[in-house]
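In what follows, a single structure is set out as structure tokens and then discussed.
The values are calculated or read from the model by the stated rules, or taken from the named source; none is laboratory data. Keep in mind the model is a prediction, meaning the values are calculated, not measured. Neighbour counts run over all protein chains shown; Cβ positions are idealised from the backbone, glycine included.
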Amino acid sequence: MAKYKPKYTSQDKGVTAKKHLGQHFLKDDTVAVRIADCLTYKGYDQVLEIGPGTGVLTKHVLRKDIKVTALELDSESVEYLTTSFPIEHAGLVNDKTFAVIEADFLKKDLSDIYGDRSFAIIGNFPYNISTQIVFKTIENRDQIPEFGGMFQKEVAQRICAPHGSKTYGILSVLAQAYYHAEYIFTVGPEVFNPPPRVDSGVLLLTRKEDYDQLPCSYAKLRQVVKLAFQQRRKTLRNSLKTMNLPDEMREKELFNLRPEQISVAMFVELVQEIEALES
């Protein structure tokens, strides 16, 4: 089998990857197209791209004829995206289709950008904040019907892992409570500048139609799931001891299981029962 040869973008953008920002710029157009194609672009008319870097992914999302807002913390990237990028891609970019905001996604109030409108999220996400990006997405699930992009491979697999898997954990349960999670494909280090020391994985989260009918609160679900997985080798009877649950509940068969053995639906049912006791 012939070795895969990446189709790198042709020129140096004059933007240097910053280690403290966890930057590894995507430089392969073929991979960028595949990431852009993950989203359906249905049910919303705007996409938020996190960490666009030099716009390698951005230009392919713009070809979907949708408004792209690029949220970028690196001032060097912001300067390039607001000057050279619109000129280089004049056929794709104008004020109605593309905007750049210099801000930290984790600190940005998304209502400042979108109000109460729906939007999708896409990106080659910095590894050092990728899990926090997913948590914030879940918290803003009412406005985010789709979420797609690149993670460190192990993190992407963890988000999509089924119960019973060794990688099933907090992220798996919380993401899958509200979204269908699909691992799309794996990417090697050679498609980045600089290349990371690990493989990357692309995933898609598609919001469930009944996501807003979960019979328990997100806050309590997160509390219970975090407690359970903080001691993942112990049974629920031990890991949830600090919640002071009634003895009759703790004697149920469910409490003999370790957290990775408990499905999302089972966690939701448990939290619903706990909230009923507390009401």
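Some values worked out for this structure:
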{"item": "Selection within segment 259-279 - at pLDDT below 95 and not in a helix (DSSP H, G or I)", "result": "S279"}
{"item": "Candidate set: segment 23-65, residues that are of a type in the set (D, E) and outside any loop (DSSP other than H, G, I, E, B); chosen: the one surrounded by the most Cβ atoms within 10 Å (Cβ to Cβ)", "result": "E49"}
{"item": "Failed condition for Q223, given (1) touching a residue at least 40 places away in the same chain (Cβ under 8 Å); (2) not assigned by TED's automatic domain parsing to the domain that holds A32", "result": "(1)"}
{"item": "Residue within segment 66-78 that is in the same structural domain as L48 (by TED's automatic domain parsing), among the aliphatic types (A, V, I, L, M), in a strand (DSSP E or B) and under 25 Å from E209 (Cα atoms) present", "result": "yes"}
{"item": "Helices (runs of 4 or more DSSP H) wholly inside segment 154-258 containing at least 2 residues that are small (G, A, S)", "result": "170-178, 218-230"}
{"item": "Looking only at segment 73-88, and only at residues there that are in contact (Cβ under 8 Å) with a residue 12 or more places away in the chain and of a type in the set (A, V, I, L, M), the one that is farthest from D104 (Cα to Cα)", "result": "L81"}
{"item": "Top-ranked residue of segment 79-131 - restricted to ones that are in a helix (DSSP H, G or I), of a type in the set (G, A, S) and closer than 22 Å to F147 by Cβ, ranked as modelled with the lowest pLDDT", "result": "S130"}
{"item": "From Y127, Y114, residue being touching a Pro at 6+ places or on another chain (Cβ under 8 Å) and surrounded by fewer than 20 Cβ atoms within 10 Å (Cβ to Cβ)", "result": "Y127"}
{"item": "Candidates A156, A181, A177, filtered to the one that is over 20 Å from A36 (Cβ atoms), modelled with pLDDT of 95 or more, assigned by TED's automatic domain parsing to the domain that holds I122 and hydrophobic (A, V, I, L, M, F, W, C)", "result": "A177"}
{"item": "Qualifying positions in segment 182-201 - surrounded by fewer than 19 Cβ atoms within 10 Å (Cβ to Cβ) and under 30 Å from Q143 (Cβ atoms)", "result": "E182, Y183, I184, F185, T186"}
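A quick yes/no check of all residues on (1) in contact (Cβ under 8 Å) with a residue 40 or more places away in the chain; (2) of a type outside the set (D, E, K, R); (3) more than 23 Å from P126 (Cβ to Cβ):
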| position | (1), (2), (3) |
| --- | --- |
| A161 | no, yes, no |
| V173 | yes, yes, yes |
| N193 | yes, yes, no |
| E209 | no, no, yes |
| D212 | yes, no, yes |
| T242 | no, yes, yes |
